[in-house]
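Here is the structure we will look at, set down as structure tokens.
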Amino acid sequence: MRSNQVFRIQAMILWHNLEENWMLREERILVMKKRSYLPMILFFFLLVSLLGIYFFLNHGIVGLEKSSEVTRIQQTNLPVKVHFIHVGQGDAIFLEVLGENILIDAGEQEAADTIITYLQSYDVEKLHRVFLTHPHEDHMGGMGDVLAAFEIGAFYRPDKELVTKSFQRMTDALTKKNIPTTLLRGGQRIEFSKEVYLDILSPNKEVYLNVNNYSPIMRLVVGQKAFLFTGDAEAVIEEEVLSLHKELQADVLQVPHHGSKTSSTEAFIQAVSPRYALISSGLQNMHNLPSPEILLRYEAMGSSVLLLEELGNIVFGTNGKEVIPLSN
């Protein structure tokens, strides 16, 4: 009788142990299942978060945080503002002219995001006019991406094409959005009002040996003040415009060809007589630009030389009577 009782107790203990082990096994399986689902759950939440951010940005519900400088410049009540965007070794200039947004050049392809972000920080949704000075990478590389990112009113370029990937991206964007294109020639004028207009001073010939020389020299006149944009125009174009007795005087000059010795002849600088001479170039660039000789030449002529590689973005505004530096 006692042995039977002992056997029953042992059987109960064994059953209890088996039951406990089974429950532990089930718990382990459940934990393993939860762990196997965890990466999928995290991926799902990450995907939903990214889609949500994209939706809010795309619909203007949230946006880029404005710097105090951007806010101050936006709140400065002037009819014309000219932004020289620092894009390293390349050019990108943003103009605000009587309510129109205008872009001249778009740097290298790597600069596209910088330009797009800069324009968006100023609430740009549409570029009414976009200019390409010439089809070199440091002026055209980011153009395809910029054209795709905004509504575009009209596109302007010289009558020169190159077979490059950047040129193809640009033409694809123009075709896809059916953007009208105007070929630039000396003698054209774009009028914004009676006292505000953009004169195209070059090119004046059909063919140039150097692609740089297709760059239009463009003079933005605002009342009694003026800005001169030059792309990579070299001495031959400076001499061409001088020989045609074009008005060149300007308060602010975009120094031709990033301050290269190929440009900025003494006669040209004297004709422009700029108060400010701006040079867009990359720090320690492979071309060793700007040339120290050219810097000294402008300084000797009495111009204040401003380097974007040192100062970053530079912004001017004008009311037609004075030119006012707006950036810090």
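The values are calculated or read from the model by the stated rules, or taken from the named source; none is laboratory data. Given the structure is predicted, the values throughout are model-derived calculations rather than measurements. For neighbour counting, all protein chains shown are included, and Cβ atoms are generated from backbone atoms with ideal geometry for every residue, glycine included.
Quick rundown of the values:
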| quantity | calculated |
| --- | --- |
| Single residue of Ile102, Ile152 found to be more than 19 Å from Asn313 (Cα to Cα), outside any helix (DSSP H, G or I) and touching a strand residue (DSSP E or B) at 6+ places or on another chain (Cβ under 9 Å) | Ile152 |
| Selected residue [modelled with pLDDT under 95, among the small types (Gly, Ala, Ser) and over 25 Å from Arg72 (Cβ atoms)] from Ser291, Ser303 | Ser291 |
| Yes/no for Pro79 being buried (at least 23 other Cβ atoms within 10 Å of the Cβ) and at pLDDT 95 or above | no |
| Count of residues meeting criterion [free of Cβ contacts under 8 Å to residues at least 12 places away in the same chain and either of a type in the set (Val, Ile, Thr) or touching a Ser or Thr at 6+ places or on another chain (Cβ under 9 Å) (or both)] in the stretch 151-169 | 1 |
| Filtered residue count, the stretch 129-146, keeping only those that are surrounded by 23 or more Cβ atoms within 10 Å (Cβ to Cβ) and assigned to a strand (DSSP E or B) | 2 |
| Residues that are buried (at least 19 other Cβ atoms within 10 Å of the Cβ) and either in contact with a Cys (Cβ under 9 Å, 6 or more places away or on another chain) or of a type in the set (A, V, I, L, M, F, W, C) (or both), drawn from the stretch 87-109 | Val87, Ala92, Ile93, Phe94, Leu95, Val97, Ile102, Leu103, Ile104, Ala106 |
| In the stretch 110-127, the residues that are surrounded by fewer than 18 Cβ atoms within 10 Å (Cβ to Cβ) and part of a strand (DSSP E or B) | Lys126 |
| Selected residue [surrounded by fewer than 16 Cβ atoms within 10 Å (Cβ to Cβ) and in contact with a strand residue (DSSP E or B) (Cβ under 7 Å, 6 or more places away or on another chain)] from Pro274, Pro292, Pro325 | Pro325 |
| Tally of residues being over 17 Å from Ile190 (Cβ atoms), in contact (Cβ under 8 Å) with a residue 24 or more places away in the chain and not in a strand (DSSP E or B) across the stretch 231-255 | 16 |
| Qualifying residue in the stretch 182-201 (condition: buried (at least 21 other Cβ atoms within 10 Å of the Cβ), among the hydroxyl-bearing types (Ser, Thr, Tyr) and closer than 20 Å to Val82 by Cβ) | no |
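For (1) crowded, with 22+ Cβ neighbours inside 10 Å; (2) among the hydrophobic types (A, V, I, L, M, F, W, C); (3) under 30 Å from Gly317 (Cβ atoms), each residue gets a yes or a no:
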residue	(1), (2), (3)
Pro158	yes, no, yes
Lys165	no, no, no
Arg169	no, no, no
Lys176	no, no, no
Val211	no, yes, no
Ser263	yes, no, yes
